[in-house]
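The structure appears below as structure tokens.
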Amino acid sequence: MDPTGPTTFGAMFRRERPPEQLAGFARTVEAAGLDEVWIVEDCFWAGGLTAVSAALAVTGRVTVGMGIVPAVARNAAITAMEMAGVARMFPGRFVAGVGHGVGSWMGQIGALPPSQLAALEETIDAVRRLLDGDRLTVHGRHVRLEDVQLVFPPSPRPSIVVGVTGPKGIDVTARVADGLLLPEGSSPAFVAAATARIGRPAPCVVYVLFAVDDDADAARARVAAAVDVFAPGDTDERLAKLGTVEAVVPADRVDRYAVAGRPDDCARAIGALVAAGATSVVVVPCVDDPAAQDEQIRRFAAEVVPLVTRRSA
């Protein structure tokens, strides 16, 4: 992922959809003309790297992002081995996303480390170096490897983005990874603060709660419940963690934390995220019906993306 290149646009395959629908979804995204498909790995829905491989196999152009694998759910060497295979089979089309994992889920599977941040940094550092072809011996707090080297490292190495929101996690990203993956409910102000903290040009993938409709009020109503889940409270809590406290009145919440409205409304909201530092905007359609999700993606590609690119030209 090139942080200095043009903005890319994608869509998330929501975890609620059964995995047998992924192939059709990936083809829909590619046919619509979008750049990326992003796949989540949440416990206990469906395996992420398996899904990434399937999406890559049924498409020929789009990039497929793993967003994200929990760092502690697999051994670092096995994670690198799996990612190397995917990257070599589909060169230039895979982005590796890593996070520390939801603590309660990691506890359920017996993988919760004493320090999630330390485990995250050690794992990403080891995975990156193994993907680069290094031979490693590591005696860390979480990662322990003895004379490990991949037989088939990829070239080039896939970009590694990290799903974090707090200052310490962003600092880990700056030290050992290529860029950020920011979750749904990220405001432009937070995107700007997070990318500034990296301290260098870096990829920044942003998931956005999305609804487009000829009736702007209907679109905003469609995302309101999701906004309450991902960005609760009367202040921008993620931004506050980075040192800036901003109050958010109820009437402004949807416009701050989501992309919703008529196509021109959506284009303005995405433009604000891009101006803040987003290099990839990935929509998460806020409708439950799979056919309706696909239609939202088609409208995003046909009616919103052209307006964004036209205004940025």
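The values are calculated or read from the model by the stated rules, or taken from the named source; none is laboratory data. The shown structure was predicted, so the numbers you read here are calculated from the model rather than taken from an experiment. Backbone-built Cβ (ideal geometry, glycine too); neighbour counts: all protein chains shown. To get the accessible areas, we keep the full protein, side chains included, count just its heavy atoms, and leave off ligands, DNA and RNA. Shrake-Rupley method; radii C 1.70, N 1.55, O 1.52, S 1.80 Å.
Key figures
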| read-out | value |
| --- | --- |
| Residue that is free of Cβ contacts under 8 Å to residues at least 12 places away in the same chain, open to solvent by 20 Å² or more (accessible area, probe 1.4 Å), of a type in the set (K, R) and within 20 Å of M66 (Cα to Cα), where the choices are R129, R157 | R129 |
| Segments classed as strands (runs of 3 or more DSSP E), wholly inside the range 1-72, with at least 2 members that are crowded, with 20+ Cβ neighbours inside 10 Å and modelled with pLDDT under 95 | 63-70 |
| Output for the range 91-126, where each listed residue is aromatic (F, W, Y) and crowded, with 16+ Cβ neighbours inside 10 Å | F94 |
| Those residues of the range 204-253 which are closer than 20 Å to V283 by Cα and in a strand (DSSP E or B), in sequence order | C204, V205, V206, Y207, V208, L209, F210, A211, V212 |
| Candidate set: the range 232-260, residues that are small (G, A, S) and out of contact with any strand residue (DSSP E or B) (no Cβ under 7 Å at 6 or more places or on another chain); chosen: the one surrounded by the most Cβ atoms within 10 Å (Cβ to Cβ) | A240 |
| Every pair of residues 6+ apart whose Cβ atoms lie under 6 Å, when the first sits in the range 1-17 and is closer than 14 Å to F300 by Cβ and without any contact (Cβ under 8 Å) to a residue 24 or more places away in the chain while the second is open to solvent by less than 20 Å² (accessible area, probe 1.4 Å) and in a loop (DSSP other than H, G, I, E, B) | none |
| Residue count for the range 116-156, restricted to those that are in a loop (DSSP other than H, G, I, E, B) and among the basic types (K, R) | 2 |
